[in-house]
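As structure tokens, the structure follows; a few thoughts come after it.
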Amino acid sequence: MLEQAANVLDHIVIVPTQPFQDQKPGTSGLRKKVAVFQQPNYVENYIQSILNIDPRPDFLIVGGDGRYFNDEVIKRVVSVCVANGVSKIFIPKYGLISTPGASSLIRTFEADGAIILTASHNPGGPEGDLGIKFNRASGGPAPEWFTDRIYQGTTSLKFYSKLLERPALDLNRMGTSTIYGTSIDVMDPISNYLDLMVSIFDFKEIRDLINGNRNFYPVKILIDCMNGVTGPYVRKIFLEAMGAPRESVINGDSLPNFGGRHPDPNLTHAKDLVRKMKEDPSIKFGVAFDGDGDRHMILGEGGFFVSPGDSLAIIAANLKRVKRYSLEGFKGFARSFPTSPAVDRVAKHYGLPVFVTPTGWKYFGNLLNGHMITLCGEESFGVGADHIREKDGIFGALVWLNVMAFFTKSVREIVEEHWRQFGRDYFVRYDYENCNVENAMRCMGNLEAILVDGRLLGTRFGVDNRYQIVDTGDFSYEDPVDLSTTYRQGLYVACSEGARIIFRQSGTDSCGATIRLYLNDYHPTKLDMDPNEYLRDLFQFALQVSDLKHFIGKEEPDVIT
Ligand code: VG1
Ligand code: CO
């Protein structure tokens, strides 16, 4: 035994290192340009800082969304983990794992966590972004107090351990090996995820919908994987298990640079899907997923757009149609603060609670673990349920198909019927990307001063003074489970009748600053307005109160959702 331990130590080096001062995780992990991660010691420092937290995880999943540098980082992570005595590591074949897939693996195999290499919807490639995210034993992203501890560790780190030689790992071949005492399993992550989906949905019903075994179907579907990690999952679930024709999938190969695009499923970046849906009205259902497979955008016939807040609300309203929840029932809902309150109306209808959290999935974890909610979502095209602890793009798409099959109705009909029952929440998000960091800070600082002292209360604005300001401030959240409070999560102007303006700075960009402006308003019966039109007064007032154009020097937003 002693001899064996000495033998392992012979293969480990303790490397003196300098701390990096910029390893503070944002909304969803540590996200930087690839070149930053390529600096010597950068990856190793961060991983060592995770492993230094007591209790050290002993069984880890390590994989990523396949972006440029994915495989190299996996090897560096494995090297540090083995040198630190981690007992067991699962690596998905080809190093590829979706974020929901990783959450599922952790939970099924009772791992202590996962190191997920992803920058989600940010572009990839040598000039693009990379990220490292740590999920814990529940399957969810590490909460803020935990990522703060990782960050604290990174600022004073002096040493890390790694293997003397690069670990001999073949990510393309499945099998178990042992490297200096650590069991390493290169495994298939897809079947685990397929099993999970089979346990939730009635596959036969969706298969019938796609293949036309019902009266007026088959329903032609189109899935845009945006060359992200979902390609192999989609092939397994939609092509193999459901028998959808091959041409139902576009951009299905996982590429290190996502084919040169932002793998962000919105109307701006999911261009191929939008174009094809417009060109071919025989396609009745379209969905695009982001780079790591946790977001989804739904389109109906002719490219009919389903706003993410509506998708969340419609999924909530129809959860009882999903096999698992028809049996188990459901508890409550949650949404991030900037997300439209459409889901709140559904909660009220069912007499269920709805929690409003800061932006970022980590804030849903305690609510899900405490069985206080079943479903949650964000305005950034993310919906998830208690089957895992991440948002889940494929899950979202399957609920939609499930609902279409149940009612034999089109996407548009489902949405319009929902509006007729609940009224319509108009929502837009304007993103001002890559702003000068100091200018963005000045802009937000100025707004903060205006909005936190209440000087605008009672002010009226808009055509016929239709809005009156009833509240302003900076959103903070007290977690009902651990009672921790998170401050400064969005500057807001709340108006009479529930209309809102929210400003916040993104926590996922790798360079420059992104300011997001969110607008929403509601109408019980006017259902067919253009959202940008309907929200124009709010937009004008937002520009005026923030002096945005002056501070950041941009006339127009870069992305409108
Ligand atoms: C954005 C979204 C947020 C989402 C986060 C991670 O954050 O707004 O809703 O949770 O990305 O999504 P921010 O701070 O840039 O607004 V992804 O698909 O990385 O996991
Ligand atoms: Co994502």
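Pairs linking a residue in region 364-392 that is under 20 Å from Gly113 (Cβ atoms) to a residue that is polar (S, T, N, Q) and within 16 Å of ligand 1 (Cβ to nearest atom), with Cβ atoms under 7 Å and 6 or more positions apart or on different chains, are Phe364/Thr357; Ile388/Ser103; Ile388/Ser104; Arg389/Ser103; Glu390/Thr99; Glu390/Ser103. Going by the conditions given, is Val411 of a type outside the set (Asp, Glu) and either at pLDDT below 95 or under 25 Å from Cys495 (Cβ atoms) (or both)? No; evaluated as a whole, the condition is false for this residue. One residue stands out in region 289-319 among those that are part of a strand (DSSP E or B) and more than 14 Å from ligand 1 (Cβ to nearest atom): the one that is surrounded by the fewest Cβ atoms within 10 Å (Cβ to Cβ), namely Phe304. Quick one: in region 477-507, of everything that is within 16 Å of ligand 1 (Cβ to nearest atom), outside any strand (DSSP E or B) and of a type in the set (S, T, N, Q), which residue is surrounded by the fewest Cβ atoms within 10 Å (Cβ to Cβ)? Per the criteria, the residue is Ser506.
Yes or no, residue by residue, for (1) basic (Lys, Arg); (2) touching a Gly at 6+ places or on another chain (Cβ under 6 Å); (3) over 28 Å from Lys93 (Cα atoms):
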{"residue": "Ala142", "(1), (2), (3)": "no, no, no"}
{"residue": "Thr154", "(1), (2), (3)": "no, no, yes"}
{"residue": "Ser161", "(1), (2), (3)": "no, no, no"}
{"residue": "Asn172", "(1), (2), (3)": "no, no, no"}
{"residue": "Leu196", "(1), (2), (3)": "no, no, no"}
{"residue": "Asn211", "(1), (2), (3)": "no, yes, yes"}
{"residue": "Asn227", "(1), (2), (3)": "no, yes, no"}
{"residue": "Gly231", "(1), (2), (3)": "no, yes, no"}
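Would you check if there is a residue in region 85-95 being within 16 Å of ligand 1 (Cβ to nearest atom) and of a type in the set (A, V, I, L, M, F, W, C)? Checking region 85-95: not a single residue is within 16 Å of ligand 1 (Cβ to nearest atom) and of a type in the set (A, V, I, L, M, F, W, C). If the condition is being touching a Ser or Thr at 6+ places or on another chain (Cβ under 9 Å) and outside any loop (DSSP other than H, G, I, E, B), then region 237-254 contributes Phe238, Leu239.
Can you tell me which residue is farthest from ligand 1 (Cβ to nearest atom) among those in region 255-288 that are in a loop (DSSP other than H, G, I, E, B) and among the hydrophobic types (A, V, I, L, M, F, W, C)?
Initial filter on region 255-288 (in a loop (DSSP other than H, G, I, E, B)): 255-257, 261-270, 280-282.
Checking which are among the hydrophobic types (A, V, I, L, M, F, W, C) leaves us with 255, 267, 270.
Numbers: Leu255: 18, Leu267: 16, Ala270: 14 Å.
Taking the candidates together, the pick is Leu255.
Those strands (runs of 3 or more DSSP E) of region 344-453 in which at least 2 residues are of a type in the set (Phe, Trp, Tyr), considering only elements entirely within it, cover 424-435. Just one of the listed residues (Gly212, Gly259, Gly243, Gly252) is in contact with a Cys (Cβ under 9 Å, 6 or more places away or on another chain) and free of Cβ contacts under 8 Å to residues at least 60 places away in the same chain, and it is Gly252. Checking Lys276 against (1) away from ligand 2 (no atom under 16 Å from the Cβ); (2) among the basic types (Lys, Arg); (3) surrounded by 24 or more Cβ atoms within 10 Å (Cβ to Cβ), which test does it fail? Lys276 satisfies every listed condition except (3).
Cβ separations smaller than 8 Å between residues 6+ apart or across chains give the following pairs from region 21-40 residues that are outside any strand (DSSP E or B) to residues that are acidic (Asp, Glu) and within 16 Å of ligand 2 (Cβ to nearest atom): Val34/Asp129. Listed by first and then second residue, the pairs with beta-carbon distance under 6 Å, at least 6 apart or on different chains, first residue in region 430-444 and under 18 Å from Ile501 (Cα atoms), second surrounded by 17 or more Cβ atoms within 10 Å (Cβ to Cβ) and charged (D, E, K, R), are Asp431/Arg516.
Given the criteria of a type outside the set (Val, Ile, Thr) and within 16 Å of ligand 1 (Cβ to nearest atom), does Pro141 qualify? If you could, list the steps in order and put the result at the bottom.
Numbers: of a type outside the set (Val, Ile, Thr): yes; within 16 Å of ligand 1 (Cβ to nearest atom): yes.
In short, yes.
Of all residues in region 533-561, how many are modelled with pLDDT of 95 or more and in a loop (DSSP other than H, G, I, E, B)? Here the count works out to 1.
The values are calculated or read from the model by the stated rules, or taken from the named source; none is laboratory data. Keep in mind the model is a prediction, meaning the values are calculated, not measured. Because the Cβ atoms are built from the backbone with ideal geometry, glycine has one as well, and the counts that use them run over all protein chains shown.
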